Structures are given as C-alpha cells and as structure tokens.
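Working notes, beginning with the structure itself.
The values are calculated or read from the model by the stated rules, or taken from the named source; none is laboratory data. Just so you know, these numbers come straight off a predicted model, no measurement behind them. Cβ placement follows ideal geometry from the backbone for every residue including glycine, while neighbour counts extend to all protein chains displayed. The accessibility values were calculated without ligands, DNA or RNA, using every heavy atom of the protein model including side chains. Shrake-Rupley method; radii C 1.70, N 1.55, O 1.52, S 1.80 Å.
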Amino acid sequence: MKRLSVKELLQTAGHHETVEARGWVRTKRGNKQVNFIALNDGSTIHNIQVVAETERFPEEVLKRVTTGAALAVKGVLVESAGSGQAFEIQAREIVVLGEADPEKFPIQPKKHSLEFLRDNAHLRFRTNLFGAIFRVRHAMAFAIHDYFNAHGFYYIHTPLVTASDAEGAGEMFRVTTLDALHPPLTAEGEVDYKQDFFGRATNLTVSGQLEGELAAMALGKIYTFGPTFRAENSNTTRHLAEFWMIEPEVAFNDLHDNMELAEDFLKYLIRYALDHCMDDLLYLSQRLQEEEKEKKAEERSMELIEKLRFVLENPFEHLTYTEAIDVLKSSKPNKNGKFQYPIDRWGVDLQSEHERYLVEKHFKRPVILTDYPAAIKAFYMKQNPDGKSVAAMDVLFPQIGEIIGGSQREENLEKLLGRMNALGLPAESMSWYLDTRRFGTAVHSGFGLGFERLLLFVTGMGNIRDVIPFPRTPKNAEF
Ligand code: ATP
Ligand code: MG
C-alpha cells in the first residue's frame, strides 16, 4: 500500500480503496459510537477526516488521539456522508506515532493570538494559518526562480560576509572572531582588525547588489535571492534584522526598462499565487474578513483576492518625487496636521504614511516614484542632469508602502567617484566595484524586492514577523 499525502488522497480519491495516511491530529470530536478525527499532514490546508468506530479500537488507543498527536492511519477511502468533505477514511488501523499531552501542548483547537504564536514560533507551523503562510512563501520563492529562469536571468550567489557597506547606511552586523573582552589593539588604541579572521573589519551584507552588478556586466541579466541583514533599530511591522531580498540587475537597462521589469515581475508573482495557492488564499481571506469585522467600515481594506486581482488589472502609476511632493503638500492630511512628519519642502524623505497616502488614498493603485533627491539615496544611483536628483525608483504598494527600491546605476566613473568623495566613501577599497566603470562600462539598472514585504501583500498579514519562520528583530533571536 502506497502512502499518500492528504493532498494526493483528496485529489485521487476513488482510485485507492485501501489507503494509509500519516499526519497530525487537528481535532477529534464524536460520540460514544464514532470518532471523527481531522488529520493534517501539511500538504494542503485541508484535513482528511478519519472515521474511527469506537468498537473497533481499544479505548487506550483512542484516548491518545488528541490535538497535535502524530498518527498513522490505515483504512478504506470512501465518499463522505457528512458535509464539509467529499471523502473520508474509514479507519481499520490507527497507530499513535507520537502523543501530544493536552495538558502541555500549547496549540489547542481554539483561536490563539498572533503574539502567543510568535512566542511559540517552533510550534506555530502546526496551525492552519501558518501552514497556509509558509506554503505561499514556498510558492513565491519557486515562482521567483521560475520567472527569472524563463526570462534568461542567471542566479548569482553573492557573499553574506562582506567588507563593504552597499547602502552606506552603516546599519551592519559585525562579523568577527576577536575576543570581545580583550581585542588586540593598534598603537592608537583602536581594535586591530588586521588580526581578525579576514584580516580586516567585516560585516553581514545589507545587499548583494554591488557584487550583482559585477556579474551583470558580463552575464547580462542576473538576480540574487538570499538573506540580508540590517542592524537598524526600527521596531516596525515592516522591518526585520534578517530578511530575504531578490535583486535583479540588468546590463543595458535604463530606468524605464527597470520600471517595466519591476511591474511585470510583481504581477507575475501575484498571478502565480492566484493560480497555485487558491486554497490557502481563500483561508487567509476568510481569516482577514473575520478580523475586519471588528473595524469601522471606512478602515476596512479590500478583500484579499479582490485586492490581488485589482493590482494585476491596473497599470502602476508613474510619477516623480517632485510631483509626489506637490500632491502631498496640498493633501488634506498634510493641511490638517494628520501626518506625523509634515511635508513642507522638496528634499524630505518620504515616510510610509506618505507612501500609503499616495497609494491608498490618492491614486488607489501601486505607484512607482522616480527621481528622488540625491541626498536621500545611495551613492551608486545615476545622477540626473538637474544636478540634484538621481534616477531612483521605489515601488509603493497598498498596506506596505515601499516594496521595491531600485535605480539606474551611475556608469560614469568620474561622476561616481565625485559622489563617493563627497560622501567620504573609500574609493580605494571599492576599487573592484569601480573597475566595472573603468572597463567596458555601460548603462545598467536593477532593484531589490523585499521577499517578506511581498509576502505581507500576498497573504494580507499585518506584521512581517508572521511571514518568516523565525523572525530576527531587535532583542529577539530565539529559536
Ligand atoms: P525602508 O525605507 O522601508 O526601510 P529601504 O529604503 O531601506 O526600505 P532598500 O534599501 O531599498 O530599502 O531595500 C530594498 C527592499 O528591501 C525594500 O524595498 C524593502 O522591500 C526591503 N527591505 C528593506 N529593509 C528591510 C527590512 N529591514 N526588513 C524587511 N525588508 C526590508
Ligand atoms: Mg531602511
């Protein structure tokens, strides 16, 4: 007898008379004569119902069938008389592989708060909600590789340990093997990183872009997809200290091509979710609607699947930072003092409240903002002829704010050096990067998509800690 997953059982039902299923008990209910056991093995959001007649099984066995216990069940797959499922297993043999003491097992068949489940992140996979989220997470990772492979991009593995700060924001985790209490010191009394493992100060990467550019300037179209680390002390629902980023980089693409790629890519991923994850999305949508009931009508957001379709069907709005500032300046919340950070002049950085206003209230669709002030963007961005803005682009999404940050890169060596000098960046140690501009330089562009921000959007979850298995945030690195 071949053991089948619950997903396979539900799909191939009818073709297998006697079957074996293994999984974990979600619930057990019933009466004196019969027990109904909902068994889930993670292959799908759906459970298979196991019907166990009390007279067939010793009380000893049935007593140990509690929520969370692992079972192996053999029986006959039949059409179900009850409502809620098409098929069920009439159990002939039940083996309790692993018990889950109901007094101690934290995940019980009731609604647990997301905070409680975060504290029990090692067990939250066992809930319908987190099963759905992590199946969608898998599907999106797969779709990302699928998209790039089909479009002629090469997957490049960029290093996690690096000596450079790609974003120049200085929010990095140090990597060292030096003794924390007694590090070797230089004559000037500073920590002597020459004696460290790599012979220099090193950090965990904040972006694979710089190395990605090197590859793109030979392979043409590349992407990275890996973990990135930022020691920013921002305890928000959109920031993690360890998150996954996808960074395509394309030789000969200008900013316009870059925007097209970003929109096509995002839409492909959303369509993929709708085509391949509908069972999980329906579950997530129902859950969200339950939550929304508690909100006031005007604060309720669009139903999840409707929202995903809406983004697919509408072209993204394009506008420059300068145009956005004009819209924001004369907006109601700005005039009524409703923004925490009022918009008073060209040059200010946009906060997520501003990004969300543009997307959710003003344009009511995703927005690509371009041509930001150079002063608030990274050194490598293409300098515009106006002398004050750069060819940057941020893609802004409803509920999230910034989901993608990207740009056309400065390919002119003199201009790039000028900017680095102005910012006090060490051109000597970045010589390897500058070589792309010294030898065969060309227009090129790329962007970074935060994988967990994408997942927030696709699953409708509100907190980034709930779309990564084990979140890393300030003061939290358990599990
Ligand atoms: P934000 O302004 O939201 O902090 P950023 O400008 O620092 O974003 P980039 O450096 O452009 O972001 O990084 C590219 C993408 O990576 C962002 O658009 C976002 O989707 C994602 N991202 C950035 N920082 C984080 C973080 N701390 N946690 C999760 N995702 C992040
Ligand atoms: Mg940031």
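Across segment 85-98, coupling constants 3J(HN,Hα) worked out from phi with the 6.51/-1.76/1.60 Karplus curve, θ = phi - 60°, read 8, 7, 10, 8, 9, 7, 6, 10, 9, 10, 10, 7, 6, x Hz, and Gly and Pro carry x. In summary, the aspartates and glutamates within cross-link reach of Lys329, defined as a Cα separation below 20 angstrom excluding same-chain residues under 8 places away, comprise Glu317, Asp344, Asp349, Glu353, Glu355, Glu360, Asp371, Asp394, Glu402. Taking packing as the residue-averaged number of other Cβ atoms within 10 angstrom, the listed peptides 31-40, 394-403 run from highest to lowest as 394-403, 31-40.
Which FRET efficiency value, to the nearest 0.05, is calculated for Arg92 and Asn31 with the Förster distance at 22 angstrom and r the Cβ-Cβ distance? About 0.65, to the nearest 0.05. For the set Lys332/Lys364; Lys295/Lys475; Lys338/Lys377; Lys364/Lys388; Lys267/Lys307, the pairs lying more than 19 angstrom apart at their alpha carbons are Lys295/Lys475; Lys338/Lys377; Lys364/Lys388.
The convex hull drawn around the Cα atoms of segment 3-133, when projected onto a plane and averaged over every direction, covers 8.0 nm².
Whole-Hz Karplus values for segment 175-182 come out as 10, 8, 10, 5, 5, 5, 7, 10 Hz, taken residue by residue from phi with 6.51 cos²θ - 1.76 cosθ + 1.60 and θ = phi - 60°; glycine and proline positions read x. D by Stokes-Einstein for segment 355-479, Kirkwood Rh over Cα pairs, 10 °C, 1.306 mPa s: 95 µm²/s.
So, counting K/R as plus one and D/E as minus one, what does the shell of residues with Cβ under 9 Å around Glu411 add up to? Here the charged neighbours net out to +3.
Taken about its Cα centre, the chain carries a charge dipole of roughly 1240 debye when the Cβ of each Lys and Arg holds +1 and the Cβ of each Asp and Glu holds -1. Each of Ala297, Pro183, Val250 was scored by the projection of its Cα onto the charge dipole of the chain, and the greatest displacement toward the positive side belongs to Ala297; charges sit on the C-beta of Lys, Arg, Asp and Glu. Relative to the current alpha-carbon distance between Val348 and Arg174, full extension at 0.36 nm per residue lengthens the span by 59.6 nm. In plain terms, if you count all Cα to Cα distances in segment 190-317 and split them into 5 Å steps from zero, the share in each step is 2, 8, 11, 12, 14, 17, 14, 8, 5, 4, 4, 1, 0 percent. The mean sequence separation of alpha-carbon pairs under 8 Å and at least six residues apart, normalised by the residue count of the chain, gives a relative contact order of 13 percent.
Ordered by solvent-accessible area of protein heavy atoms (1.4 Å probe), largest first, the residues Arg56, Arg64 come out as Arg56, Arg64. Each Lys and Arg adds +1 at its Cβ and each Asp and Glu adds -1 at its Cβ; summed about the Cα centre, segment 1-106 shows a dipole of about 140 debye.
Here the contact order of segment 6-107, divided by its residue count and restricted to Cα pairs under 8 Å and six or more residues apart, works out to 29 percent.
Only DSSP H runs of four or more residues enter the estimate; each adds -39500 (n - 2.57), and after division by the residues of the chain the mean residue ellipticity at 222 nm equals -9000 deg cm²/dmol. Rolling a 1.4 angstrom probe over the protein heavy atoms with all chains in place gives segment 330-444 an accessible area of 45 Å² per residue. Computed across the chain, the Kirkwood radius stands at 25.5 Å (inverse of mean 1/r, all Cα pairs).
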